[in-house]
1. As a test of reading the structure, rank 132, 43 by solvent-accessible area (1.4 Å probe, protein chains only), most first.
2. Given a 1.4 angstrom probe, I'd like the percentage of the accessible area of region 1-51 that is carbon and sulfur, rounded to a whole number.
3. For the chain, what does the accessible surface come to per residue with a 1.4 Å probe? Please give it in Å².
4. In whole Å, what are the Cα extents of region 88-210 along the three principal axes, biggest one first?
5. Based on the mean of other beta carbon atoms within 10 Å per residue, what is the order of 99-107, 174-182, most packed first?
6. Between residue 78 and residue 139, what's the calculated FRET efficiency when r is the beta-carbon distance and R0 is 35 Å? Round to 0.05.
7. Note down the magnitude of the dipole of region 16-109 about its Cα centre, charges +1 on Lys and Arg C-beta and -1 on Asp and Glu C-beta and zero elsewhere, to the nearest 20 debye.
8. Could you calculate the contour length gain from residue 196 to residue 39, that is, 0.36 nm times the residue separation minus the distance between their Cα atoms, to one decimal place in nm?
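The values are calculated or read from the model by the stated rules, or taken from the named source; none is laboratory data. Only a predicted model underlies this, so the values are computations on that prediction, with no experimental measurement involved. Here the Cβ positions follow ideal geometry from the backbone for every residue, glycine too, while neighbour counts run over all protein chains shown. Please note that ligands, DNA and RNA were not included when accessible areas were found on the heavy atoms of the full protein model with its side chains. Shrake-Rupley method; radii C 1.70, N 1.55, O 1.52, S 1.80 Å.
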Amino acid sequence: MRFDEDYSFLKDSSKTFYNRIKFLPLNAKASNYLSFGGSVRQELDRAQNEDWGAFKAGTDVFLLQRYNVHADLHLGTRLRFFGQFRSGLEFGRLNGPRPIDEDKLNVQNLFVDITPYRRQDRSLTLRLGRQEIQYGSGRLLDVRDGPNLRQYFDGFRIAFASPGFHIDGFALANGGIKTGVFDNPLHQNAKLWGIYTTALCSVINFENTASKFSF
């Protein structure tokens, strides 16, 4: 999750080329700043009798490419904008790209974070817009990083976070995919909604001369 990265620690660092890209102050106190980033993934696939030979493709060798660029704008501690473009390309597959292979250029993330409450290590944040989500091990809700195209959702999420407790409430719609340029539909009917929470449990150790118990 590129939007989870925090480069505010570079505020007082030496101004190298990399540091200027990751932390670009916009005011004298550096409370407003921009951060830029990106990634490239190249994947060469070889399939033999894919889908048990149903497509009669035999040996199929093809190239998958994924490019991402993003910008992260922080305006103080209460307002933030994050945007990320993606390009997923497929070359050489005999039966053409699958729905998970190609999306020439579209928006992967585009949201605003509003944080009305922040006290030391506690915060309440409302996130509105297009966003990736991943909960737990990712077996149910995941960004789906294995395929060439990561998954995203449209809607809102409200989250309370503290050192030992985290709870999210969300109403989202799974994003649709078309293979062109900025042509992915924006779904307005939220079909995914619920609450996700985690809590940190303390570990208690009991020791004596004979044995040690942990739970």
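1. Values: 132 5, 43 50 Å².
Ranked list, largest accessible area first: 43, 132.
2. On the way: 1950 of 3540 Å².
Summing carbon and sulfur atoms, their accessible area is 55 percent of the total for region 1-51.
3. On the way: 13370 Å² over 215 residues.
Per residue, the chain has an accessible area of 62 Å².
4. 68, 44, 24
5. Numbers: 99-107: 18.4, 174-182: 14.4.
Highest mean packing first, the order is 99-107, 174-182.
6. Working: r = 34 Å, r/R0 = 0.98.
Step by step, r from the Cβ atoms, then E = 0.55.
7. On the way: 13 positive and 10 negative charges, 138 e Å.
So the magnitude is around 660 debye.
8. Details: separation 157, 0.36 × 157 = 56.52 nm, distance 2.91 nm.
Contour length minus Cα-Cα distance gives 53.6 nm.
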